[in-house]
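S.K.: Quick one: this structure, given as C-alpha cells, is what I'll be asking you about.
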Amino acid sequence: MDIARFTVASALKALDAGEVSSRELTQGVIDAIDAKDAEIGAYLTFDRESALRQADEADAARAAGKRGALLGVPVAIKDLINVAGQPCTCASKILEGYVSPYDATVSARLRSAGAIFAGRVNMDEFAMGSSTENSAFKTTRNPHDTSRVPGGSSGGSAAAVAGGMAICALGTDTGGSIRQPASFCGIVGFKPTYGRVSRYGVTAFASSLDQVGPMTRDVTDAALLMNVLAGCDEHDGTTADVPVPDFAAALDGASLKGVRIGLPKEYFVDGTDPQVSSIVRSAIDRCAAAGAELVEVSLPHTEYAMAVYYIVAPAEASANLARFDGVRYGHRTGKPEDVYSLYAKSRAEGFGAEVKRRIILGTYVLSSGYYDAYYGRAQKVRTLIRRDFEDAFTKVDALLTPVAPTPAFKVGELQDPLSMYLNDLFTIPASLAGLPAISVPAGKTAEGLPVGVQFIGAPFADAKVLSCAKAFEAA
Ligand code: GLN
C-alpha cells in the first residue's frame, strides 16, 4: 500500500469503490512512517491502536451504507490542535505529557466527517519559527533533501505529506507557517481568510492572525478539506457568519481566462534568490498563456509589514502564553521556594529560546511608556497595509507573488533570528490583512528543490483563490 500515490480525492474514490479499506490506508501510513520517519522526523507521536480502531469503525460505517466527506481518510494533525484523548504539546517541553480533554472545533468537524486522526506532527515550538528547528523534541528534515529544513512552523505537516507518510495534514498559519513549508516541500498549503475557520481548541500564538488550513498534494484536496473545516463557530467569536460555499464544486471549470492577476511591484525586488525569481517569472508567463490579464499593482506599505508583525505577534503571544504558569497544566518546576519562583522557574525550564524571545519582546512593546510608541503605532500601520490590499482588489481579482525569497535552506544555516524572520517577508502582509492565500508548487531549482507561488485573494474570496490555484496547477 503506497500512501504516496493517494490524494484525498483518490482515496475517497477507492474507498467508495471498495478497492481499499480505511484500515489498509491507515496501515499504509504506519508502514511509511516505519520505513521513512527515522530519517525525516515528521511525527512526534502516532497512536497506532487508536488510528487502526478508528479505521475499523470507518470501514464498518461504510459497510453499513454510511458516507462522510472524509469517511476513512487518515489526516495528520499539527501538534497544537486539540484532539480529545491525544497529546498536544505544541512541540514544547512545557506541555510534555499533556493530553487534550476535548476536541478543537476543527477536530470535531473532521471527526463528524469520518476522518481518522493519524498522528501528531512536529512544528516549531508554539508555531514560532520558519524551519521546524525550534521544536523542543526534534528537527524535521525536508524529504527532497534531508540536509535541508522543511520550512516552518508547520514543517512536520509538510514533510509528512511530501514524504509520502500522510495523505493530507492540517497546519496553522500566523505569518506564513502553512504557505512557506508548502513551498519548501512542493505541496499545496492554503491559509483561509481570517474568520473562515474556527480557532477554538487551537493553541493560540497570535489570536488576530492564527488560522488553521489544509496541507495537501493538490488544490482539489485543499478544497475538500476546506468543505469540512470552514464555518461559523459559537465557540470562536472571530469566526464570520458568512455563507460557506462548496469549495470543491467551485473548482469545476476553473480557468484563468480573463482573470485579472495583480503583480505587486514591492514583491519583485532584489534579494530574492535568482532561481526563485525565474520560477516565479515562468509561473507568471504560464498564467498569461492561460488567458490571465496581468496588472502591475503597488502595495506601498509592504516594507513595514515585517516590523508590524514582530510587534503585534509577540504582543499577542506574550498574553496568550501567560497561561503556562506551572499551575494549570504542563511542566511544573521541582522545588519552588514560593509562588513567584514556581511561575518563573516553570517557565524558564519549559519554554525554549525563541519563545522566551517573543515573550520578552511582547511584554516590552505592551508595557506602559512603550505601548503607544510600538503597539499602538503598529496597529495603525496594520490598517494601512490592509488598505493597500483593499485598493489593489478594486483593480484585480487576485495577486500573484513569490512565497518565500529562497528555496529550503540547510539545517543550521540560519542562526540569526532576524534572517530567519526575513524568510516570511512575502507571506506576512496577507496575514496582517487577514486575506486568503495559497502556496502552489511552481517548479524546482537546479538542485531539485521545490518552489511555490502564492495567490492572494480579497477577504472571503477563498473559493476564488482556490480556483486560480487549480487553474494554475492544471496549466
Ligand atoms: N515564521 C513566523 C514566526 O515565526 C510565522 C510563524 C507562523 O505562521 N506560525 O512567527
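S.K.: Take Ala182 and decide whether it is within 16 Å of the ligand (Cβ to nearest atom) and surrounded by fewer than 24 Cβ atoms within 10 Å (Cβ to Cβ).
M.R.: No, not satisfied.
S.K.: Tally the residues that are charged (D, E, K, R), in contact (Cβ under 8 Å) with a residue 24 or more places away in the chain and surrounded by fewer than 20 Cβ atoms within 10 Å (Cβ to Cβ), restricting the search to region 304-354.
M.R.: Let us first name the residues in region 304-354 that are charged (D, E, K, R), namely 316, 323, 325, 328, 332, 335, 337-338, 345, 347, 349, 354.
With the extra rule that they be in contact (Cβ under 8 Å) with a residue 24 or more places away in the chain, the set shrinks to 316, 347, 349, 354.
Remaining after also requiring surrounded by fewer than 20 Cβ atoms within 10 Å (Cβ to Cβ): 349, 354.
Looking only at that region, the number is 2.
S.K.: Can you name every residue in region 136-159 that is surrounded by 24 or more Cβ atoms within 10 Å (Cβ to Cβ), within 26 Å of Ile456 (Cβ to Cβ) and in contact with a helix residue (DSSP H, G or I) (Cβ under 8 Å, 6 or more places away or on another chain)?
M.R.: Within region 136-159, Asn142, Val149, Pro150, Gly151, Gly152, Ser153, Ser154, Gly155, Ser157, Ala158, Ala159 qualify.
S.K.: Here's something else I'd like to know. Within region 160-171, is even one residue part of a loop (DSSP other than H, G, I, E, B), touching a helix residue (DSSP H, G or I) at 6+ places or on another chain (Cβ under 8 Å) and within 15 Å of the ligand (Cβ to nearest atom)?
M.R.: No: region 160-171 contains no residue that is part of a loop (DSSP other than H, G, I, E, B), touching a helix residue (DSSP H, G or I) at 6+ places or on another chain (Cβ under 8 Å) and within 15 Å of the ligand (Cβ to nearest atom).
S.K.: Say we look at region 385-425 and pick out the residues that are in contact with a strand residue (DSSP E or B) (Cβ under 7 Å, 6 or more places away or on another chain), within 19 Å of Cys287 (Cβ to Cβ) and of a type in the set (A, V, I, L, M, F, W, C); which of these is nearest to the ligand (Cβ to nearest atom)? Break it down stepwise before answering.
M.R.: Our first condition is that a residue be in contact with a strand residue (DSSP E or B) (Cβ under 7 Å, 6 or more places away or on another chain); within region 385-425, this holds for 392, 395-403, 407-411.
Still in the running and within 19 Å of Cys287 (Cβ to Cβ): 392, 395-403.
After this cut, where a residue has to be of a type in the set (A, V, I, L, M, F, W, C) as well, the list is 392, 396, 398-400, 403.
On the way: Ala392: 22, Val396: 25, Ala398: 21, Leu399: 19, Leu400: 21, Val403: 12 Å.
Per the stated criteria, the residue is Val403.
S.K.: Just to be sure I understand, how many residues within region 1-35 are assigned to a loop (DSSP other than H, G, I, E, B) and either in contact with a Pro (Cβ under 6 Å, 6 or more places away or on another chain) or under 17 Å from Ala76 (Cβ atoms) (or both)?
M.R.: 4
S.K.: Here's another thing I want to ask about it. What is the one condition in (1) without any contact (Cβ under 8 Å) to a residue 40 or more places away in the chain; (2) of a type outside the set (Asp, Glu); (3) within 15 Å of the ligand (Cβ to nearest atom) that Ala378 does not satisfy?
M.R.: In the conditions (1) without any contact (Cβ under 8 Å) to a residue 40 or more places away in the chain; (2) of a type outside the set (Asp, Glu); (3) within 15 Å of the ligand (Cβ to nearest atom), Ala378 misses (1) alone.
S.K.: Kindly indicate whether Val269 is of a type in the set (Val, Ile, Thr) and either in a loop (DSSP other than H, G, I, E, B) or more than 16 Å from the ligand (Cβ to nearest atom) (or both). Break it down stepwise before answering.
M.R.: On the way: of a type in the set (Val, Ile, Thr): yes; either in a loop (DSSP other than H, G, I, E, B) or more than 16 Å from the ligand (Cβ to nearest atom) (or both): yes.
Criteria met by Val269.
S.K.: Checking the structure you have, find out if any residue of region 455-466 is closer than 13 Å to Arg179 by Cα and either away from the ligand (no atom under 16 Å from the Cβ) or touching a residue at least 24 places away in the same chain (Cβ under 8 Å) (or both).
M.R.: yes
S.K.: Within region 459-475, count every residue that is aliphatic (A, V, I, L, M) and under 27 Å from Arg387 (Cβ atoms).
M.R.: Counting residues in region 459-475 that are aliphatic (A, V, I, L, M) and under 27 Å from Arg387 (Cβ atoms) gives 5.
S.K.: Could you please let me know if Lys78 is of a type in the set (Lys, Arg) and touching a His at 6+ places or on another chain (Cβ under 9 Å)? Let's see the steps before the verdict.
M.R.: Working: of a type in the set (Lys, Arg): yes; touching a His at 6+ places or on another chain (Cβ under 9 Å): no.
In short, no.
S.K.: Asp221: within 15 Å of the chain's Cα centre (by Cα), touching a residue at least 40 places away in the same chain (Cβ under 8 Å) and more than 15 Å from the ligand (Cβ to nearest atom), yes or no?
M.R.: yes
S.K.: Within region 291-303, can you find the residues that are surrounded by fewer than 17 Cβ atoms within 10 Å (Cβ to Cβ) and on the phi < 0 side of the Ramachandran plot?
M.R.: Glu293, Leu294, Val295, Glu296, Ser298, Pro300, Glu303
S.K.: Pick from region 395-432 the residues that are charged (D, E, K, R) and part of a loop (DSSP other than H, G, I, E, B): which of them is nearest to Tyr267 (Cα to Cα)?
M.R.: Across region 395-432, the extreme among qualifying residues is Asp424.
S.K.: Look through region 223-275, keep the residues that are of a type in the set (Asp, Glu) and modelled with pLDDT of 95 or more, and return whichever of them is farthest from Leu299 (Cα to Cα).
M.R.: Glu234
S.K.: Looking at region 404-421, I want the residues that are touching a residue at least 12 places away in the same chain (Cβ under 8 Å) and loosely packed, with under 12 Cβ neighbours inside 10 Å and have a partner that is polar (S, T, N, Q) and in a loop (DSSP other than H, G, I, E, B) with Cβ atoms under 9 Å, at least 6 apart or on another chain. Which pairs are those?
M.R.: Gly412/Thr139
S.K.: If Asp221 satisfies all but one of (1) buried (at least 24 other Cβ atoms within 10 Å of the Cβ); (2) among the charged types (D, E, K, R); (3) assigned to a loop (DSSP other than H, G, I, E, B), what's the number of the condition it fails?
M.R.: Answer for Asp221: the failing condition is (3).
S.K.: So, one more: Out of region 451-475, which residues are crowded, with 24+ Cβ neighbours inside 10 Å and under 18 Å from the mean Cα position of the chain (by Cα)?
M.R.: Val451, Gly452, Val453, Gln454, Phe455, Ile456, Gly457, Asp462, Val465, Leu466, Ala469
S.K.: Let me ask another. Would you mind telling me which numbered condition in (1) more than 16 Å from the ligand (Cβ to nearest atom); (2) over 21 Å from Asp2 (Cα atoms) Gly189 fails?
M.R.: For Gly189, the failing item is (1).
The values are calculated or read from the model by the stated rules, or taken from the named source; none is laboratory data. What you see is a predicted model; the values in this text were computed from it and never measured. As a convention, Cβ positions derive from the backbone with ideal geometry for all residues, glycine included, and neighbour counts pool all protein chains shown.
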